[in-house]
Structure formats: structure tokens, C-alpha cells
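Report on the structure given below.
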Amino acid sequence: MTSLPEPQPGGKKLGLVIDLDTCVGCHACAVNCKEWNTGGHHAPLPDHNPYGKEPHGVWFNRIHSYEAGCGSTSKTVNFPRSCLHCETPQCVTVCPTGASYKRAEDGIVLVNTDICIGCKLCSWACPYGAREFDEDQGVMKKCTLCIDRIYNEALPEAEREPACVATCPSRARHFGDFNDPDSKVSRLVAERGGVALMPELGYAPVNRYLPPRKATIPAKPLERQHGGSVNALLKMLDMVLSR
Amino acid sequence: MTPAGSVLLLTTLTGFGYGLIAWLGTLAGLGFLPAAPFFLPVCVAIGLGFSSAGLVASTLHLGHPERAWRAFSQWRSSWLSREGVAAMATFPPAVAFAGLWWLLGAGAVATRVAGVVAAVLAFVTVFCTSMIYASLKPIRQWHNPHTAPDYLIFAVFSGAVLLAALWAIWFGAAKGLAVAALVAALAALGAKLAYWRFIDTQKPLVSLASATGLLSFGTVQPLDRPHFTENYVLREMGYQIARKHAVKLRRIAAVLAFLLPALLALVASERVLPAVATTAATLSALVGLLVERWLFFAEATHVSTIYYGV
Ligand code: SF4
Ligand code: SF4
């Protein structure tokens, strides 16, 4: 069914918080995501000409870099982009076959590749460019929020989180339930002012991004303006040298 | 958006096919068609032929054409599914319309009712096609009040020139339909010019700052791309050739799709070589509308490419 599910009482709203302050742009999340998913739920992921001149393939994470602001206060911001598991996503409702669907119990947006006809309409409907078409298999693929990790009882409990979250060396990615106000993700969003991307499109994305902190550590002034021995010494030096 | 040949053929050919069925059903319902026993069945067959060709072409761009039947299931939410259902639903009444015409005659109530039902469903099909595009929020050149009426107007125009040509070939003259085709061509030209003016003045949907959640920093500039070759998103949605040649291609589309057919329809309405003029008008409209449809895709920008600074 590609109609959106009614939110269930007590249901979860699973998603990610991505911290743009601490992301160092190392692409480890993208690599571990590819590694897990080429053997996981959506396996295999195309990977053509990987060591050649023009490698291409399907990736669920893409890490951009931007310059935010301008001038001396501007910042380099590394920006991981993946499916935001939106609450009202058109990628689901446009699907003619029922292959693209949103789970009622936890809100994860998935593709059933066994019935997908590969019409690509869902990728046109996603404003975030999160879906990538698998030309080898003729079906659409996308982030699964590592559904085969987070509920996987064969894994130790501590590892039941998405591959990108598990691997991030700067702990810039967090996974949890946004319906639980005490979860880590909910608290991070509240404390750090987590934002939704392109809210004006009306997709109500679940994932949130924590903006880079603006605070800078105030540097000590090099010269004190009035009085003090350092200042007097510098003044004398200045006088001598200016002669 | 990168234009796919199969989708251009789908939208253009079904415009001709269902447009023709809509004209035939409406005119028969009003009792305006001559009671020639063969004319209508042949026309319906040609209309369904155009539509089938378009529908078959559209399955070519699917990753799994053999699963196409699954696309009839999600009509509750998906315009693409609705299009499939409506496209198929038009066939039985259209075939019945042709059969009853042959069996009971042009004037029979059953014939006229079947004609009107087929005409309505043909219109509904074209409307569903238009809504596939008009409903996509990330594409501003499609998600606007022009798209749906334009598709309907173009189908009415395509059906009119095609019917004028068939009529002129069959009966030797087609004054009334030539005039109808002329009017439809000018209306379609007006609609397209209004559309182009509209998309030229549209503002981008969002800024990069909003797309990245960095509004509090003011401006945001792209620095490094995530990958140095094109990925699916850039290949499918980052098409830029049309923007370079847009002015020239728009002129070609306007002349071939609308102006030349209008001129030829005018010639035909003056009873100068009506069969030749209307046939040429139809061919010109077909080629012109393919160019127009190519532009409809190629000029459309997808908001996701903003992440790449495109
Ligand atoms: S980010 Fe795109 S693919 Fe993911 S749920 Fe939202 S609209 Fe769908
Ligand atoms: S590509 Fe597959 S999942 Fe996407 S809309 Fe088409 S059938 Fe649905």
C-alpha cells in the first residue's frame, strides 16, 4: 500500500540526528553503509568500474562540503545526505505498485524490490535526492535505516544501530526514536536546535541536523591598550624602531 | 530532468490517441458524425492504435516491464496507477462504441452512450497523465496550475488535427474540423507561450541554505562534491542541455507543433488540397509536440540538484 499509514499509538518514529558541528567529512559513514548494504536487505549494490577512471554505483549516503556564511567568520560544513524517512513523503504515495512504503510501526520508508517495476517516479518525488536506481537489477534502492541491523537479534545489542552511526569516528551521527521525548535524539534536537531540511516542501522529514556551533573561543588581545608593563615596553620599542 | 524517449512517446502518442477518441465520442454523442458504417470503426482503431503504441513505449523505460500489471493496484494514492487504470478502462467502451456503430448504426442510443463514455474516460486518462507531473512538488516547472490544462488542451488539439486528416482523406473535405483544428492549434500555442512565460519568471523553490538547514549562516556556497563522477541523481535530474538551447528549441516547437499545423488547417478549411494539408498538419504536430514534450522534461529542474550547486 502506498497510502501513508495512520500513526500508531505508541508507535516509534525512528531516524537520525546528524551533527554538522562535529562531522569531519571523512566519508566513513558512506563507506560502511555501502559495505553493510551490499550484503544486506538491498544487496547487492551496483559498483561499476570501482578502481577505473569513471567509477559509479549506488550509495545511500553522499557527503557534501559547503561554505556557510562568508568572510572571516565563515565555516566549512561537511554535510552527509541520506534518506530522511519523512513523515509525509511523496516518494511513497506516487508509487503505482505498492513497492515504496512507509512502515506504520516505526516510520521507516522502504522499497520492496520484489514488486518494484523500476518506473523511477519515487526518485522524482524525493526532493532530497535520496533514492538511487539500481540499473543492474532494474529496481529502486534507498537507505533502509539498516532495518537488518537495528532489529537483528544475531548482533550484540550495542551493535543494533545503523552502520553509519556505528562507524562515525567523530560521533556525529545518532540514531533513535523521535517519539520518545527522553531519547538521545530528542534531547539533542531540543538542546542544540536541530533543524529539518527544506521544511517548505512539506515532507516533514524525521531526520534532524544540528547546526554548527557559532561560539568561538575568545583570543587574548595581543596588546593591552592602557597601562601595564608589557604595553610600556612595546611603546618604547615602537619609538626606538620608528626613529 | 533527463527526457526519456519512451515517456515522450507515451505522453505524445496517447495525446493523439485519446484526443481522437474524445473527439469521436463527443461528436457522435451530439449526432455530428456522418453515418458512414466504416469511418468510425476505422477511426477508433487508429485512436486505440496510437494509445497502445504510447502505452507499450512507456513500458520500455521500466526496469521490470513484466511486472507492469502491478501498476494498476495503487490508484488510491498514485496518479501513475490511476493513469494505467483509466487508460485500460477506456478500451472496452471504445471498442463497444465502434462495434455498436457498426451493428446498430450511428443514431442508436447505445452507440451514442458508449461514445460519450469512451470520450469521458479518454479525457480522464489524459488528465491522470498530466497529474503525474503536476503533482510532483520537487519540480517547479511541473507542479503548477499550467500543467494539467496544457496536457488536456494539447490532447484536444492533437485529436482535432488527426480527425481532420482522417475525415479529409475519407470524405475529401473537412471544413468544420479544419476550423476546429485551427482554433485548437492557436489555443494550444497560447497555452504553451503562457507556460514558458510562467516558468521563466518562477523563483527557485528553496535556497541552498534552507536545503542544508544552515539558514542562520545566511549564504551557503558549495565547496566539494561528494563524488567526482555523475551519480544517478545527477544523470536523471541534472540535465542541462536544454537550458543552453532553450530559445531555439522553443521556436522550433512553436512552429512545428502549432503554427504550421494552424496554417495548414487554414489552407484545408479553404478547401485547398484538404487531405494533403491536414495530413501534413498532423505530421508536423506530431514532430512538434515531441519537441515540445522533450523541452517539458529538459527544462524542468529538480530541487535535489541544489545540493550539487546546480
Ligand atoms: S528523504 Fe526522500 S526517499 Fe526518504 S522518505 Fe523523504 S522523500 Fe522519501
Ligand atoms: S521505481 Fe519502484 S518503488 Fe519507485 S515508484 Fe516505481 S515501482 Fe514504486
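The values are calculated or read from the model by the stated rules, or taken from the named source; none is laboratory data. Everything numeric here is computed off the predicted structure, so don't read it as measured data. Here Cβ is always computed from backbone atoms with ideal geometry, including for glycine, and neighbour counts include all displayed protein chains. The area values use the complete protein model at the heavy-atom level, side chains included, leaving out ligands, DNA and RNA. Shrake-Rupley method; radii C 1.70, N 1.55, O 1.52, S 1.80 Å.
For A:Ala99, what charge total do you get from the other residues with a beta carbon under 10 Å from its beta carbon, if Lys and Arg give +1 and Asp and Glu give -1? Net local charge, A:Ala99 excluded: +1. Here the spin labels are modelled as points 7 Å beyond Cα on the Cα-Cβ line, and at B:Val95 and A:Asp182 they lie 6.5 nm apart. Electrostatic bookkeeping for A:Ser65 treats Lys and Arg as +1 and Asp and Glu as -1; over the other residues with beta carbon under 14 Å from its beta carbon, the sum is +2. Rolling a 1.4 angstrom probe over chain A with all protein chains present gives an accessible area of which 54% lies on carbon and sulfur atoms. Have a look at A:Asp114, A:Asp106, A:Asp47 and tell me which one the Gaussian network model of chain A (Cα, springs below 10 Å) gives the largest fluctuation. Fluctuation is largest for A:Asp114. Residue ranking by accessible heavy-atom surface, 1.4 Å probe, largest first, among B:Ile46, A:Ile18 comes out as B:Ile46, A:Ile18. Neighbouring Cβ atoms from other chains, within 10 Å of the Cβ of residues in A:42-50, number 0 on average.
The alpha carbon radius of gyration of chain B, expressed as a multiple of 2.2 N^0.38 Å, is 1.10. This model, with +1 at the C-beta of Lys and Arg and -1 at the C-beta of Asp and Glu, gives the protein assembly as shown a dipole about its Cα centre of some 1300 debye. When each full DSSP H helix of chain B is screened for a Cα extent of at least 24 Å along its own axis and an average Kyte-Doolittle hydropathy of at least -0.5, the helices passing are B:5-29, B:39-59, B:79-104, B:109-134, B:147-171, B:175-201, B:274-298. For region A:21-158, relative contact order (Cα pairs under 8 Å, six or more residues apart, normalised by length) works out to 21 percent. The label point for B:Ala194 and the one for B:Ser6, both projected 7 Å from the Cα toward the Cβ, are 3.4 nm apart. Compared with the dominant principal axis of the Cα atoms in chain A, helix A:28-37 is inclined by about 10°. Each Cα pair under 8 Å and six or more residues apart adds its sequence gap; the mean of these over the residue count of region B:1-104 is a relative contact order of 35 percent. Summarised in one figure, the compactness ratio Rg/Rh of region B:1-144, Cα atoms and Kirkwood Rh, is 1.03.
For the residues of B:298-305, the average number of beta carbons from a partner chain within 10 Å of their own beta carbon is 3.
Considering only protein heavy atoms and a 1.4 Å probe, what is the carbon-and-sulfur percentage of the accessible area of chain B?
Heavy-atom surface of chain B belonging to carbon and sulfur, 1.4 Å probe: 73 percent.
Legend: mean number of C-beta atoms from other chains within 10 angstrom of residue C-beta atoms, peptide A:16-28, equals 1.
Shape class of region B:172-310 from the Cα gyration tensor (axes a ≥ b ≥ c, square roots of the eigenvalues): prolate, since a/c reaches 1.5 or more and a/b is larger than b/c. Hey, quick one: spin label on A:Lys53, modelled 7 Å out along Cα-Cβ, who in region B:226-248 has an amide N within reach, i.e. under 17 Å? Label zone hits: B:228-230. Over chain A, what relative contact order in percent results from Cα pairs under 8 Å that are six or more residues apart? That works out to 27 percent.
Quick check: net charge around A:Thr113, other residues with Cβ under 9 Å of its Cβ, Lys/Arg +1 and Asp/Glu -1? Each step should come with its number before you reach the end.
Details: positive: A:Lys141; negative: A:Asp114, A:Asp134.
So the environment of A:Thr113 carries a net charge of -1.
With every protein chain kept in place and ligands, DNA and RNA left out, what is the accessible area per residue of the protein assembly as shown? Probe 1.4 Å, answer in Å². Don't jump to the answer; show the numbers that get you there.
On the way: 24130 Å² over 553 residues.
Accessible area per residue: 44 Å².
Taking chain B as a Gaussian network of alpha-carbon nodes connected by springs under 10 Å, the highest mean-square fluctuation of the residues B:Tyr18, B:Tyr133, B:Tyr232 belongs to B:Tyr232. Cross-link pairs exceeding 21 Å between alpha carbons, from the set A:Lys12/A:Lys214; B:Lys192/B:Lys244; A:Lys120/B:Lys137; A:Lys142/B:Lys203; A:Lys12/A:Lys102; B:Lys137/B:Lys244: A:Lys12/A:Lys214; A:Lys142/B:Lys203; B:Lys137/B:Lys244. Rounded if a/c is under 1.5, else prolate if a/b beats b/c, else oblate: with a ≥ b ≥ c from the C-alpha gyration tensor eigenvalues square-rooted, which is region A:31-100? The shape class here is oblate.
Note on region A:14-210: Kirkwood radius taken over Cα pairs, Stokes-Einstein applied at 37 °C and 0.692 mPa s, translational D equal to 188 µm² s⁻¹.
Just B:Leu33, B:Leu24, B:Leu260 to compare: in a GNM of chain B, with alpha carbon springs under 10 Å, which one fluctuates most? Most flexible of the set in this elastic network: B:Leu33.
Ranked from largest to smallest solvent-accessible area, with a 1.4 Å probe on the protein heavy atoms, B:Trp69, B:Trp196, B:Trp294 come out as B:Trp69, B:Trp294, B:Trp196.
Going through region A:100-190, which GluC sites (Glu not before Pro) have at most 11 other Cβ atoms within 10 Å and a DSSP loop state?
Values: sites: A:Glu105, A:Glu132, A:Glu135, A:Glu153, A:Glu157, A:Glu159; in loops: A:Glu105, A:Glu135, A:Glu153.
Qualifying residues, ordered by number: A:Glu105, A:Glu153.
Taking both sides together, the accessible area buried where B meets A is about 4900 Å² for a 1.4 Å probe. When the Cα gyration tensor is reduced to axis lengths a ≥ b ≥ c, the ratio a/c is 1.5 or higher for the protein assembly as shown, and with a/b above b/c it is classed as prolate.
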